[in-house]
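Have a look at the structure below before the remarks.
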Amino acid sequence: MKYDVLVVGGGPAGIITSVTARKVHGPGLKIGLFRPESKTLVPCGIPYMFGTLDAVDKNIMPDKPLEAAKVDIIQDEVVSLDLEAKTLKTASGSEYSFDKLVLATGSEPVVPSGLPGTDLDNVFTIRKSYAYLTEVHRRLADCRDIVIIGGGFIGAEMADELARREDRNITLIEIMDHCLWQSFDPEFCEMGEKALAEKGVKVLTGTKVLGITGDRRVEAVETSAGRFKADAVVLAIGARPNTALAAEAGLRLTPRGAVAVDSGMRTSHPDVLAVGDCAAKTDFFSGEESPVMLASVATIEARTAGANLYSVKAMLPGGSTPGAFSTVVGGLALGSAGLTETEARRRGIDVTVGLGESVDRHPGTLPGASPIKVKLVFSTMSGELLGGQVAGGAGVGEMVNVIALAVGRRMEATDLYLMPLGTHPLLTSAPTTYPVVTAAWDYLGRVLTAPSRGH
C-alpha cells in the first residue's frame, strides 16, 4: 500500500508529527501512523495509573486528533525498513511504500545486565505498553512490600503513588546522594525526599543494589544498606533510544545510540526524519549530545518535523531547546529548567544565584495558599539566565515554563526584574513579592555590591 507519509510510532511525537503534517501540507497527503497496540498511554501519566487514577484505562491518549486530521491508524508493528526501495514490512506480513518516513519509535527501559535477579517473576520495568502495564497493575494490586530501584522522576512518582495505599511498605533506592539529582540542586532534592518520607516511603540514597533474590519469584533486594523484603520490584533506572529499526536500515546513529538528526529533525537519509526519544538531543549550552528524554521536547521536535517533510520550514533555535521538568511528590511540586547551580559549576561556569520566596496567593491567608521558593542561576558576568528551580504548590508548573522560555530566549536578570506581570489574589503571588522578580533582584543585588576584582 502506498502512502505519502508514514509515521512509525503512536506516542506524543508520532501523533503531533502526523497532525502537523496535515495542517502544514494540506488535505492532499495520504498519511498513516503505525502503532503496535489499539490504545496509546499518556507517558507522563503512567505512575498515576497505580494510585490516583488506579486504572490503566483512565490514562489513554484519545484518537480524536488523528481522526480529525484524517490520519490512518495502522495497528501493526514495523519490523524492517528498505530505505533504497522506500518500503517497510510489518509483523502481519504487510508491505507499505512511502514518499516520506518519520521515525518516532521512542525509548526502552534500561535493565542492567550485571544485576542478578532481573529475570525473576514480579520484577517490572516501566514500558509504555498498554498490555504490559495492565498486567503490572493487576499484579501490583496484591503486593504489600514493593521496592523501586532508581530515584529519578519515574521512580519517585511511582513511590509516591504506590504509597497512597497505607497497607504497603514502599522502599525507594537511589545509588547517588540524592533522588532527582540530575534535575535539581541538593536543597530541592532534600525537599522532595522529605515529602516522600512524610508520605511513608523509605528513601535510601547513596545505596547500591547488589542483587534481586528469590526462587522464581522475587523475595528480597540485597543492597549495601542491607536486605529488604520485596513482593515486587520496579526498575526505574533510565531509558535508552529504541533505534533497532534505524540501525538495521543503515541510518547514522550517535555515540549514545540515538538517530542522528539536524536542527530540522532530518536524518542521514533525505526522506527520513526522526523525533522523540529515538532522536538525538543537543545540549542547549554545550552543543554536545544530551540524554534528555521528555514528551515536551518530543512534541517540539514533532512540530518541526511535521512542517519539514518536503522543505525546511522550521528549525530548532540553535539546534536544541533547554530541558524543563516538573513533578509532584508527597504533595510538593518541584520544577526545573536549564542548568542547576551544581551542573553549571561542574562545567566550570562562573555563576551567581538569586533566591526568591513568597506565597502563591495574596494575601497568604487565602485558602489553598502555599509557600513558593525560586532559585535562579545566572552567569555572573553577563547576567544571562542559565537555569532555575521552583518548589511549592500547583503554580510551580507554569512558573517553571516561564523560566524555561526565559532560558531559551537567553534573557538576562534585568529582563526578569522588569518583567510584566498579570497577578490576581486567587491565582498568583503578589506583584510586590513575585518570586521570579525578587530572585532576579537578589542576583542583581549580589553582583552590584560585590567587590571589584583586580582593583
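No value in this document is a laboratory result; all are computed from the given coordinates. Because the structure is a prediction, the values reported are computed rather than measured. As a convention, Cβ positions derive from the backbone with ideal geometry for all residues, glycine included, and neighbour counts pool all protein chains shown.
Things to note:
- With the largest listed first and rounded to whole Å, the semi-axes of the equivalent ellipsoid of the range 1-133 from the Cα gyration tensor are 30, 20, 11.
- Charged-residue dipole, Cβ positions (Lys, Arg, Asp, Glu), the chain about Cα centre, Debye nearest 20: 580 debye
- Farthest positive-ward along the range 38-133 dipole, Cα basis, beta-carbon charges - from 107, 83, 123: 107
- If the chain linking residue 97 and residue 224 were pulled fully straight, counting 0.36 nm for each residue of separation and taking away their Cα-Cα distance, it would gain 40.3 nm.
- Partners of residue 58 within straight-line reach, counting lysines whose Cα lies under 18 Å from its Cα and excluding those fewer than 8 residues away in the same chain: 39, 128.
- Efficiency of FRET from Cβ geometry, residue 448 and residue 271, R₀ 51 Å, rounded to 0.05: 0.40
- Under 5 Å from the amide H of residue 100 lie the amide H atoms of 5, 6, each residue being 5 or more positions distant or on a separate chain, with H modelled from the backbone and absent for Pro and chain starts.
- Distance-filtered residues of the range 20-51 - backbone nitrogen under 17 Å, label point 7 angstrom along residue 63 Cα→Cβ: 31-42
- Just so you know, the Rg over Rh for the range 48-201 is 1.06, from Cα atoms, with Rh as the Kirkwood radius.
- Cross-link partners of residue 313 among lysines (Cα-Cα below 17 Å; sequence separation of 8 or more within a chain): 23, 100
- For the range 410-415, putting each phi into the Karplus relation 6.51 cos²θ - 1.76 cosθ + 1.60 with θ = phi - 60° gives couplings of 6, 6, 10, 4, 5, 5 Hz, in residue order, rounded to whole numbers and with x for Gly and Pro.
- For residue 107, the residues 5 or more places off, or on other chains, whose built amide H falls under 5 Å of its own are 242.
- For the range 280-297, putting each phi into the Karplus relation 6.51 cos²θ - 1.76 cosθ + 1.60 with θ = phi - 60° gives couplings of 5, 10, 10, 4, 4, 9, 9, x, 7, 5, 10, x, 4, 10, 9, 4, 5, 5 Hz, in residue order, rounded to whole numbers and with x for Gly and Pro.
- Inter-part distance where the range 351-408 and the range 275-338 are each reduced to a Cα centre, Å: 21 Å
- Listed values for the range 123-138 are Karplus-derived 3J(HN,Hα) couplings in whole Hz (6.51 cos²θ - 1.76 cosθ + 1.60, θ = phi - 60°), namely 9, 10, 10, 9, 8, 7, 10, 4, 5, 5, 6, 5, 5, 4, 4, 5, and x replaces Gly and Pro.
- Considering all C-alpha pairs of the range 293-418, those separated by over 18 Å amount to 59%.
- Spacing of the modelled spin labels on residue 296 and residue 210, each 7 Å from Cα toward Cβ, amounts to 4.0 nm.
- Sites residue 139 and residue 410 - FRET efficiency at Förster radius 45 Å, r taken between beta-carbons, to 0.05: 0.40
- The convex hull built on the alpha-carbon positions of the range 111-237 has an orientation-averaged projected area of 7.4 nm².
- Anchor residue 86: aspartates and glutamates whose Cα lies under 15 Å away (excluding residues fewer than 8 positions away in-chain): 4, 95, 99, 248, 271
- Using the Cβ of residue 327 as centre and a radius below 13 Å, the other residues enclosed give a net charge of -4, where K and R count +1 and D and E count -1.
- Beta bridges assigned by DSSP with both partners in the chain are antiparallel in approximately 60 percent of cases.
- The fraction of Cα-Cα pairs per 10 angstrom bin, counted from 0 for the chain, comes to 4, 19, 26, 26, 18, 6, 1, 0 percent, rounded to whole percents.
- Contour excess over end-to-end distance, with Cα ends at residue 424 and residue 75 and 0.36 nm allotted per residue: 120.9 nm
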